[in-house]
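The values are calculated or read from the model by the stated rules, or taken from the named source; none is laboratory data. Keep in mind that this is a model prediction, so the values were computed, not measured. Don't worry about glycine lacking a Cβ; one is built from the backbone with ideal geometry, like all the others, and counts go over all protein chains shown.
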């Protein structure tokens, strides 16, 4: 939800406070557009605003159109060409074009629909806001309607040329089991890629603020920790302790959840022993096959930092390309 963080919530709060409100959304881009599709801006009748649809270069024109839309109540579909001079001002190498949908709240954007959208976002439920760019129809859809768009975090216009789908995904999460050297490199990489990271390790010598500053840590036993985190389809789990007493409980918990990635450190021989233990515990072959092991893409990495790079690459491939990656 990076490009739309808090915009629906802000729009609803301002509307409930009695202000006229409009939401502007980038629905299509060409060339080096300043902001990606799905980026949003919310403003009220006094031109107070949050968010951005252009990085600044066409914001003024959008505000003028939004103020007029609040008065007449109808949606507006705007198209802007970003010139080379404007592009330079916002740090772009060249120009581009964007289309922006402006929707007054309570009119073009029904309040009950906005309330439901905000409620689903609050419960971390994947939801799509679907708008007819050539009419007034608006509705919400779930993951089953647009599985590829949800997997890729890709808002956009459908093949019919008129249906815009705005994807609102829960935040990405990564659970790292084991406060080892690899984790010291992997955790900042995951954060940079947009993941909220939790480090799980009951061993205080490994999971300490000195070793992992500004990191959310849990010192519960891994199975208890993962059960309390509520693993979902936006969660990646990586086990790094190389100790079956710690890794196996985490693996069993992750296999019982819809996590999109489960990677486990260890050699091929180590993984074979792991598979045998899981089979003995009653796990089916198709469940065990979900495990990425040895963890990470085979890029020849040897140092902890290189192994962390390979893990982050594999996590990204699994997220964006699916189970075949």
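Before moving on, here are some points about what is shown:
- Checked against the criterion of being touching a strand residue (DSSP E or B) at 6+ places or on another chain (Cβ under 9 Å), over 20 Å from residue 189 (Cα atoms) and in the same structural domain as residue 258 (by TED's automatic domain parsing), the range 281-290 has at least one qualifying residue.
- Counting residues in the range 167-179 that are without any contact (Cβ under 8 Å) to a residue 40 or more places away in the chain and either in the same structural domain as residue 47 (by TED's automatic domain parsing) or touching a helix residue (DSSP H, G or I) at 6+ places or on another chain (Cβ under 6 Å) (or both) gives zero.
- Residue check, residue 182 at pLDDT 95 or above and under 26 Å from residue 251 (Cα atoms): yes
- Note on the range 202-297: enclosed strands (runs of 3 or more DSSP E) holding 1 or more residues that are modelled with pLDDT of 95 or more, in contact with a helix residue (DSSP H, G or I) (Cβ under 8 Å, 6 or more places away or on another chain) and buried (at least 21 other Cβ atoms within 10 Å of the Cβ) are 235-239, 261-264.
- Flag if residue 314 is in contact with a strand residue (DSSP E or B) (Cβ under 8 Å, 6 or more places away or on another chain) and either more than 27 Å from residue 153 (Cβ to Cβ) or assigned by TED's automatic domain parsing to the domain that holds residue 263 (or both): yes
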